[in-house]
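Q: Got a structure for you, questions after.
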Amino acid sequence: MKLLKLLTIAVLTAFTINTASAQSITVTSPNGGEIWAGCTQHNITWTAAGTSNFYSVDYSTNGGTTWTSLATNLNALFYSWTVPNTSSTNCLVRVFDFNNNTIVDQSNGTFTINAPLILTAPNGGESWQVGGPT
């Protein structure tokens with residue numbers, strides 16, 4: 001009887017149930033295929049579970065080879081971003097837990113940033129004559 005009781009205890013202690021919530025971040029926008037114009041305002045959005053509720057947001061214009069920080073220690077599920085005046089068809093955003101950078105997600109696919117029309121001439125200092133050649 002003592003052996004059976006010992007085996008029962010051993011079997012019961014071999015199984016533990018983890019009731020902690022799963023830790024995850026899911027980028028919802030931009031998530032691939034969007035076309036955003038440079039110098040315009042867009043919200044980067046995400047959902048989260050089991051995180052510290054403080055986030056960092058980065059973007060990449062080269063498919064994730066390099067990243068530029070947009071915000072750190074952000075206490076919200078969005079970031080209002082003024083899109084840079086840089087053309088690229090290979091852009092991504094990523095969001096990670098500020099207190100645990102292993103909890104991270106990035107756009108599922110690339111999106112495009114189109115730079116607006118850029119005035120190259122005159123760009124300052126020129127003197128042009130009315131009706132004259134440029």
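The values are calculated or read from the model by the stated rules, or taken from the named source; none is laboratory data. Model, not experiment: these values are computed from the prediction. Note: ideal-geometry Cβ built from the backbone for every residue, glycine included; neighbour counts use all protein chains shown. All accessible areas refer to the heavy atoms of the entire protein, side chains included, with ligands and DNA or RNA removed. Shrake-Rupley method; radii C 1.70, N 1.55, O 1.52, S 1.80 Å.
Q: Just give me the residues in the range 82-134 being among the aromatic types (Phe, Trp, Tyr) and under 11 Å from Ser60 (Cα atoms), in sequence order.
A: Phe111
Q: Show the residue pairs meeting these rules: Cβ distance below 8 Å; 6+ apart or different chains; first residue within the range 106-134 and free of Cβ contacts under 8 Å to residues at least 40 places away in the same chain; second residue among the small types (Gly, Ala, Ser) and loosely packed, with under 10 Cβ neighbours inside 10 Å.
A: Thr134/Ala121
Q: Any idea which of Thr66, Thr72, Thr102 is out of contact with any helix residue (DSSP H, G or I) (no Cβ under 9 Å at 6 or more places or on another chain) and closer than 22 Å to Thr40 by Cα?
A: Thr72
Q: Now for a different question. If you scan the range 87-125, which residues turn out to be open to solvent by 80 Å² or more (accessible area, probe 1.4 Å), of a type in the set (A, V, I, L, M, F, W, C) and touching a strand residue (DSSP E or B) at 6+ places or on another chain (Cβ under 9 Å)?
A: The one that is open to solvent by 80 Å² or more (accessible area, probe 1.4 Å), of a type in the set (A, V, I, L, M, F, W, C) and touching a strand residue (DSSP E or B) at 6+ places or on another chain (Cβ under 9 Å): Phe98.
Q: Where in the range 20-134 are the strands (runs of 3 or more DSSP E), entirely inside, with at least 1 residues that are over 17 Å from the mean Cα position of the chain (by Cα) and not aromatic (Phe, Trp, Tyr)?
A: 35-37, 111-114
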